[in-house]
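First the structure, in the form of structure tokens, and then the observations on it.
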Amino acid sequence: MKRIFYFLSMFILISCGNSKNTDQFINTVEGRYLFNSNETLEVYFEEAVLKVKWRGQDMTPIKANDSSFYLKEMNEKLIFISQPLVHIELAQKREHEGNKFYFSKLTKGEKTPVEYFNNKEYNKALEAYLTVQKKDSLDPTIREWSLNQAGYQFLREEKFEEAKEMFKINIALYPHKSNVYDSMGDAYRTEKDTLKAIEFYQKSLAINPENRGAIRNLKKLKKE
């Protein structure tokens, strides 16, 4: 019975309304939305028909009414809200367990933290990461260990500028953590900048005198 009801609902959903949208609606909602703090969902139009690009996939939602669209790839109904700020809400359903989900629209030229970073806009990337932290200190985007891993991957690829900028972000996010300074010391040591490496190893040990990596590397550098 539930399956029959589902297919009837989908038939009504597909059958109702014109798939094309008004110029006012298009001008209001077209753009990029934050799916999460480091991932976007892009809304665009082809011949006035709404399209969504997400994780490299181009999708055509089914229009339910002038502001609601069913996106089968997500199994979600997207509701476009224009006031007071333009955003997308997901229609409530049992699987959401009472939680509300919405995606805010990015302003023109606005990027996610990783997009700023990849574009070498490092100051803006730093500001964006700090903004994420202020909103949610547990956001996966700003996990200390994942940013650290990204920095070391740059080091392995001999991308010293990127590595140092990533470690710089980690230091700004976690200024009281010994490990972030130790990582920056590794970057300078790999780059053969002994004085700067010593400086950051010492900063690491000032926070945690038992940081074995910093102790070991500092001794090596001083012997050299």
Per GNM of the chain with C-alpha springs under 10 angstrom, the most fluctuating residue out of Leu195, Leu106, Leu90 is Leu195
How about the stretch 155-224: which trypsin sites (Lys or Arg not before Pro) there are in a DSSP loop, with at most 12 other Cβ atoms within 10 Å of their Cβ? Lys192
Sequence-distant residues sharing a close amide H with Ala64 (under 5 Å, placed H): Phe69, Tyr70
The stretch 64-117: chymotrypsin sites (Phe, Trp or Tyr not before Pro) in DSSP loop, at most 13 other beta carbons within 10 Å: Phe101
Could you compute the net charge surrounding Lys111? Neighbours are other residues with a C-beta less than 15 Å from the C-beta of Lys111; K and R count +1, D and E count -1. -1
Within-12-Å neighbourhood charge of Ile215 [Cβ basis; K, R +1; D, E -1]: +3
Which entries in the list Lys177/Lys223; Lys20/Lys77; Lys63/Lys111; Lys168/Lys196; Lys159/Lys223; Lys159/Lys219 go over 24 Å, if you measure between the two C-alpha atoms of each? Lys177/Lys223; Lys63/Lys111; Lys159/Lys223; Lys159/Lys219
Taking R0 as 45 Å and r as the Cβ-Cβ distance between Lys20 and Thr190, the FRET efficiency 1/(1 + (r/R0)^6), rounded to the nearest 0.05, comes to 0.20
Measuring from its Cα centre, the chain shows a charge dipole (+1 at each Lys and Arg Cβ, -1 at each Asp and Glu Cβ) which, in debye to the nearest 20, is 660
Along the Cα→Cβ direction, 7 angstrom out, place labels at Lys220 and Ser82. What is the inter-label distance in nm? 6.2
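Want the number for Tyr44 to Glu97: 0.36 nm per residue separation, take away the alpha-carbon distance, what's left?
16.1 nm
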³J(HN,Hα) computed for each position of the stretch 66-76 - Karplus, 6.51 cos²θ - 1.76 cosθ + 1.60, integer Hz, glycine/proline x: 4, 10, 10, 9, 9, 10, 5, 4, 9, 6, 9
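Since every read-out is calculated from the coordinates, none of them should be taken as a lab result. As the structure is a computational prediction, the values presented were derived from the model and not from experiment. In this analysis, Cβ positions are derived from the backbone assuming ideal geometry, glycine residues included, and neighbour counts consider all displayed protein chains.
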